[in-house]
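Read through the structure below, which is laid out as structure tokens, and then see the notes.
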Amino acid sequence: MPGRGEETGSNRIGFPLLRFFGRTGILMRVPGSAPGRSESRTGNRDEDASRARPTGVNGTMRFDVHRMLECTFTALLISVSLSLEVSAAESEFIDAGRGDVRVVLPTDLDPDERLPLILLLHSFAYSGEIEEAYLRFSEQVDEQRFILCLPDGRRNITGQRYWNATPACCDIFNQNPDDSTYLIEVLELLQESYAIDGDRLHIVGHSNGGFMAHRMICEHDGLFAGIATLASATFADPDACVLETPVHVLQVHGTIDPVIRFGGGCLPGGCYPSASETQLMVAADNQCGRRPDPTPDPIDLVPALSGAETEVTVFRESCAPGGTAELWRVVGGGHNPPFDGRFAREVTRWLLEKSRSSLPGDLDGDGRVDASDLGLLLASWGFCAGCPADLDQDGSVGGGDLGGLIALWSG
């Protein structure tokens, strides 16, 4: 059973001395800031430890030592300057076999209220606490009403926490921990301990954590409603992950990320596809059409970048119910874009609008048949063989499908 922690409130770790800057998220001192309390459980932060480059005719992989040292220095800055701040949300702890895992709950939680769940999977050499300090999802727990869980990966032989995700990232020393099973055990314990909406199980993953999110939806087909990843990719081999059940997938990726490159690349364990290739793979598995939806307006996620810097590409209207493939392209963003609270707010909103769908007529996968689905049906009107809005499967969307949707209406 979970134990209630003594801390309430800001279940996030603040950055009193530091601010994220630049392409790689280098941390720099903010003049006049006061030192904060140290966090003893963070370990070293070696941001995706070693971006490797193919060298020579045989493509031998080598570590980028400069990047490793740069990120280790960042880890040292974090470890001596993080401090806990007080907020409204409450923390409890569970243990699924690897030690305490923090769970952040709304302050006025009704034990019978079924809430969505977000698992936050940290980057290489981070911890759940450090990742939360950076992305700040706990600030949304009360406002958007969900349960947030912050598990930690195992440490490798040099002390960095990581997830054994895809071949590319990031079991560098071939220790082969079964993180997929562990996360399912965490999930099962959460479901035993809290009233969780089983149709709205979500994952947010950063870098190595994002690779792990892709592994989870591949190995546990149909379990999760959606994932949102920052600076990551799916399996390079399309046959290694074939989604039988549609799932909502949001990718966020900086165009000048030097660690997990927007255009794809290689790490010591292997290579990974580009952000666009990952989106197209997910779109294909979600039975989406070949062309994306009309381009939405850009989003302003990074205050340090001018204007609305994040361009959006969406496959939704032509996809099977319960499936989406969306890419947020952060123009000028690096591996650790200097987000404020907007990133967590927008990503949480995106996820919580999604659910697993087994309802005929639920074209947007939100668990209801309503005006949004009607709009999607009307947008598909006419010849549309095989499209989700063709409810009677006669090769076109017409009056029969409209009548069927109205009969399924849940408002």
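Worth pointing out:
- Residue ranges 153-166, 117-130 sort as 117-130, 153-166 when ordered by packing (mean number of other C-beta atoms within 10 Å per residue, highest first).
- Scoring 234-244, 274-284, 288-298 by mean Cβ neighbours within 10 Å over their residues and listing the highest first yields 274-284, 234-244, 288-298.
- In terms of the mean number of neighbouring beta-carbon atoms within 10 Å, the peptides 321-332, 201-212 order highest first as 201-212, 321-332.
- Remark: segment 96-101, residue by residue, has Karplus-estimated 3J(HN,Hα) of 9, x, 10, x, 4, 10 Hz, where x stands for each Gly or Pro and the curve is 6.51 cos²θ - 1.76 cosθ + 1.60 at θ = phi - 60°.
- The alpha carbon radius of gyration of segment 220-310, expressed as a multiple of 2.2 N^0.38 Å, is 1.18.
No lab work stands behind these numbers, since they all come straight from the coordinates. Please read these numbers as outputs of a predicted model, since none were measured by experiment. Reconstructed Cβ throughout: ideal geometry from the backbone, glycine too, with neighbour counts over all protein chains shown.
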